[in-house]
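Presented below is the structure to which this report refers.
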Amino acid sequence: MKVLVTGTEGYLGCLLAPLLVADDHEVLGVDTGYYKAGWLYHDVAGSVATLARDVRELEASDLAGFDAVVHMAELSNDPLGDLLGEVTYDVNHGGSVRLAELARAAGVRRFVYMSSCSVYGVAEGRVDETSPVNPQTAYAICKARVERDVAAMADGSFAPTFLRNATAFGASPRMRFDIVLNNLAGLAWTTGRIAMNSDGSPWRPLVHGLDIAQAIRLVLAAPEDDVRGQVLNVGSDEQNYQVREIAGIIAEEFPGCELSFGPASADNRSYEVDFTKIREVLPGFECRWDARRGAQQLHDVFERIQLDEATFTGRGHTRLKQLEHLLGTGQVDADLFWTTR
C-alpha cells in the first residue's frame, strides 16, 4: 500500500513511519518542520523521505496515487490552542478537513485521522464511542469538528477512520516533555522532585506511542468496510489513571524522588474511557505498554543519554516554547507559515 503520513518529524510520526515500512508499505512523509531540531536521541529503525510542506499548502495532485493518508500533523495540546487562538482552528479543523477533501478528490481510499479522548472533556462515569462529546478547549473542539465533517465524506470509495487516542506517553527520538507522564518523569530525573499544583484527582487515560502505532497499522491492514466511518478509542481499560496515580508510579521508578500535591484544581476536565470497541473492530489489538513500563523505559533513556535540565526544559521538546521562539524570531508569521517559503 502507498501511504502518505503527515507529521513524520513529530513525536508519534517518527515512531510510526519506519514501522509502516517494515509492514511493506511505501511511505512518504509530509512535515512543515516546526520541530525538526527536537531530537533527543537516535534510536529508530530508519526514516522515510519527507516533503517539507505545510499540509495547508498541499494540493490534490500531491495525493494522487496514494492508497491511504494517515493524518497526524496538527498543533498539539491545549496551551498552544490558548496561545494561537484562531490559527488553531485554521490548522487543526480547516486544514484537516481540507486534506480529507483533497484525498477523496485524488482517489485516496483510506483516511486515518488522529483524534483524541480529550473530546470527552468532562464526563461522569466511563464513556465510550457512543457517549456525547464535551470538548473544553480549542484543541479538543477541533478534533470533534474534524470527526463530524470528515465522517460525512464517507462513501463506498472513501473510508475515513477516527482514532481517539488516550494521552500519549513513552520515549521517542522526537521527544515531548509537555505531556503528563513524560513531564513528570523528566522532573523526577532532573530535579528529584514532583510538586503537583493540584490534588491530582482528575482521571486521564494513557496510551504508549508504540501502541498508537499498532492501532494505525491494524487499521491499514483491516478490510475497508470494517473501518469505514469507525470511531475507536485507542488505549486499554486498565490504563485509566488518576493523575496522582501517574505521579506515584513515576516517584517509585526514580528512587529518592519527593512527591507532593496541591489543592483541588479549577480545571474540571476528567474522564474515564471504555476501550472495548477497538479490540472488537481490530482483532489482535492489545496495549503492550502501561505507565509503569513506560516510566522504566524513560528512566533507561534518561540514564543512557544523561538527560540534563537544560534539555528537559528547552524549547526543542516543548511545543509551546518552540512555536513561541519561531514567532518571536520572525521565522514564522502570525498564521504559522514560514516567512522564507
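Some notes on this structure:
- Given +1 at the Cβ of Lys and Arg, -1 at the Cβ of Asp and Glu and no other charges, the dipole of segment 271-341 around its Cα centre is 160 debye to the nearest 20.
- Of the GluC sites (Glu not before Pro) in segment 258-305, those whose Cβ has at most 12 other Cβ within 10 Å and which sit in DSSP loop: GLU286
- Solvent-accessible surface (1.4 Å probe) assigned to ILE249 amounts to roughly 20 Å².
- In this simple spin-label model, placing a label point 7 Å from the Cα along the Cα-to-Cβ direction at both ASP333 and SER131 gives a separation of 4.2 nm.
- Cα shape, segment 60-165, gyration tensor, a/c 1.5 rule: oblate
- Segment 88-114 versus segment 1-78: alpha-carbon centroid distance in Å: 14 Å
- Each Cα pair under 8 Å and six or more residues apart adds its separation to the average, and for the chain the resulting relative contact order is 19 percent.
- Each DSSP beta bridge with both residues in segment 86-216 is either parallel or antiparallel, and the antiparallel ones are about 10%.
- Extended-chain gain in nm, criterion 0.36 nm per residue less alpha-carbon gap, SER47 and MET1: 14.8 nm
- Nearest-ten-degree value, helix 291-305 long axis tilted from longest Cα axis of the chain: 80 degrees
- Whole-Å distance, taken between Cα centres, linking segment 257-282 and segment 142-169: 22 Å
- Rolling a 1.4 angstrom probe over the chain with all protein chains present gives an accessible area of which 47% lies on carbon and sulfur atoms.
- Listed by chain and number, the aspartates and glutamates whose alpha-carbon sits under 16 Å from that of LYS277, ignoring those within fewer than 8 places in the same chain, are ASP128, GLU129, ASP211, ASP225, ASP226, ASP237, GLU238, GLU286.
- The accessible area of GLU26, taken with all protein chains in place and a 1.4 Å probe, comes to roughly 110 Å².
- Angle between the chain longest axis and helix 243-253 axis [Cα atoms, degrees, rounded to 10]: 70 degrees
- DSSP assigns beta bridges within the chain; of those with both partners inside it, close to 10 percent run antiparallel.
- For the chain, the longest principal axis of the C-alpha atoms and the axis of helix 319-328 are separated by about 70°.
- Sites ASP155 and ASP199 - FRET efficiency at Förster radius 56 Å, r taken between beta-carbons, to 0.05: 0.70
- The calculated FRET efficiency for ASP226 paired with GLU26, based on their beta-carbon distance and R0 = 25 Å, is about 0.65.
- A DSSP coil position with no more than 15 other Cβ atoms inside 10 Å describes the following trypsin sites (Lys or Arg not before Pro) in segment 277-331: ARG288.
- Annotation: per residue accessible area for the chain equals 40 Å², rounded to a whole number [probe 1.4 Å, protein chains only].
- Dipole magnitude of segment 101-224, debye to nearest 20 (Cβ charges: Lys/Arg +1, Asp/Glu -1, about Cα centre): 320 debye
The values are calculated or read from the model by the stated rules, or taken from the named source; none is laboratory data. Keep in mind the model is a prediction, meaning the values are calculated, not measured. Don't worry about glycine lacking a Cβ; one is built from the backbone with ideal geometry, like all the others, and counts go over all protein chains shown. Remember, those area values only see protein heavy atoms, side chains included, never the ligands or the DNA or RNA. Shrake-Rupley method; radii C 1.70, N 1.55, O 1.52, S 1.80 Å.
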